[in-house]
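The values are calculated or read from the model by the stated rules, or taken from the named source; none is laboratory data. Not measured: the values here are computed from a predicted model. Note that each Cβ is placed from the backbone with ideal geometry, even for glycine, and that neighbours are counted across all protein chains shown. Heavy atoms of the whole protein, side chains included, go into the accessibility calculation; ligands, DNA and RNA do not. Shrake-Rupley method; radii C 1.70, N 1.55, O 1.52, S 1.80 Å.
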There are 2 protein chains.
Amino acid sequence: MDDARAGAVFHALSDPTRRQVVQALAQHGSLSASAIAADLPISRQAVAKHLAILSEAGLATSTPAGRERRYDLTPAPMTDAVAWITRTGAAWDDRLARLQQSLNRP
Amino acid sequence: MDDARAGAVFHALSDPTRRQVVQALAQHGSLSASAIAADLPISRQAVAKHLAILSEAGLATSTPAGRERRYDLTPAPMTDAVAWITRTGAAWDDRLARLQQSLNRP
DNA sequence: TCTTCGTGCAACTCCATGGTTGCGGATGCT
DNA sequence: AGCATCCGCAACCATGGAGTTGCACGAAGA
C-alpha cells in the first residue's frame with residue numbers, strides 16, 4: 001500500500017509554486033526558505049509551508065546551519081509516484097491485451 | 001513548457017478518490033460514471049466532476065453510448081509527468097556532479 | 001552588549017474544491 | 001404511450017489550503 005506515498009508526492013507536486021521550489025532546489029541545492037522566497041513573488045512563510053509539505057512527502061530534508069536552515073532535495077520518493085503510474089499503465093495494457101484477445105476469438 | 005501538462009496530471013492524480021477512479025478505469029475500462037460511483041462511497045455527480053478533471057488533464061476520454069456515456073483511460077499524458085520528474089532528477093544529479101567536482105578541487 | 005538577521009509559531013482572510021441535493025431532458029424498455 | 005434510467009446543469013455547503021501579517025526567540029556580528 002504505497003499508494004499513500006505516491007499520493008503524497010502527487011499532492012506535493014500538484015501546486016505550481018511547489019514545483020518551482022522543487023526546481024530551485026534541484027538546480028541550486030541547500031537553499032534557505034528566505035533564499036527561495038527571494039526569487040518568488042510570495043512571502044518567506046508561504047515558502048516555509050510549501051517546504052513543510054515537501055518534507056512531509058519526503059522530497060526535502062532540512063538541516064540547521066547556524067541561524068538559518070538549509071533545505072536539500074531528496075528526490076527518492078518520486079520513484080513511488082513513477083511506480084504508481086507505471087503500475088496503472090501496466091494494468092491498462094493488460095486490459096487492452098485481454099480486449100484484443102477476446103477480439104481474436106470470434 | 002509542458003510543465004502545464006505535467007501539472008495537470010499531478011493535480012489530477014493528487015486526489016485519492018480520483019486515483020481510485022483511474023484505477024477502476026485501468027482495470028475494467030469503458031465504464032460509465034454511475035458504474036464507477038457504484039463501487040465508491042460517493043455520488044454519481046461527484047464521480048462526474050472527477051471525470052471532468054481527468055478529461056481536462058487528458059487522462060480520460062468519453063464517448064456517448066446510447067443513453068449513457070462511457071469513459072476510457074488514456075494514460076498517455078502520464079508520460080509528461082514522468083518526464084517532469086526525470087528532468088528534475090537529472091538537474092539534481094547535475095548539481096550533485098558539480099558539487100563532487102568542486103570537492104575534488106581543493 | 002546591543003543590534004540585526006533569520007527562523008518558527010499563531011491567527012486571520014479568501015478562494016478553490018470535494019461533496020451534496022434537486023431539478024429537467026434524452027434514451028431505452030415494456 | 002408510459003415508465004424507468006441515466007445523464008447534465010445549477011445551486012448550495014463545508015472544509016482545506018495558499019497566502020498574509022504580526023510577534024517572539026535564537027544566533028552572528030558591531
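Only one entry of A:91, A:81 meets the criterion of being in contact with a Lys or Arg (Cβ under 9 Å, 6 or more places away or on another chain), under 27 Å from residue B:76 (Cα atoms), within 11 Å of chain B (Cβ to nearest Cβ) and of a type in the set (Gly, Ala, Ser), and that entry is A:81.
Does the stretch A:61-70 contain at least one residue that is of a type in the set (Lys, Arg) and touching a strand residue (DSSP E or B) at 6+ places or on another chain (Cβ under 7 Å)?
Yes; the residues of the stretch A:61-70 include at least one that is of a type in the set (Lys, Arg) and touching a strand residue (DSSP E or B) at 6+ places or on another chain (Cβ under 7 Å).
What tally of residues in the stretch A:1-12 results from selecting those that are assigned to a loop (DSSP other than H, G, I, E, B) and either of a type outside the set (Asp, Glu) or crowded, with 18+ Cβ neighbours inside 10 Å (or both)?
At the first step, the residues of the stretch A:1-12 found to be assigned to a loop (DSSP other than H, G, I, E, B) are A:1-2.
Now drop any that are not either of a type outside the set (Asp, Glu) or crowded, with 18+ Cβ neighbours inside 10 Å (or both), which leaves A:1.
The total comes to 1.
When you scan the stretch A:37-51, do you find a residue that is within 10 Å of DNA strand D (Cβ to nearest atom), open to solvent by 40 Å² or more (accessible area, probe 1.4 Å), farther than 18 Å from residue B:10 by Cβ and of a type in the set (Val, Ile, Thr), even just one? Yes: the stretch A:37-51 contains one or more residues that are within 10 Å of DNA strand D (Cβ to nearest atom), open to solvent by 40 Å² or more (accessible area, probe 1.4 Å), farther than 18 Å from residue B:10 by Cβ and of a type in the set (Val, Ile, Thr).
Scanning the stretch B:66-106 for residues that are at pLDDT below 90 and hydrophobic (A, V, I, L, M, F, W, C) yields B:90, B:91, B:92, B:96, B:97, B:99, B:103. Applying a threshold of 7 Å to beta carbon distances and a minimum spacing of six or more residues, or different chains, the list of pairs starting in the stretch A:37-54 at a residue that is closer than 14 Å to residue A:73 by Cβ and ending at one that is among the aromatic types (Phe, Trp, Tyr) reads A:51/A:71. For the stretch B:1-19, the candidate set comprises residues that are more than 9 Å from every other protein chain (Cβ to nearest Cβ) and farther than 12 Å from residue B:77 by Cβ; within that set, the residue that is farthest from the chain's Cα centre (by Cα) is B:1.
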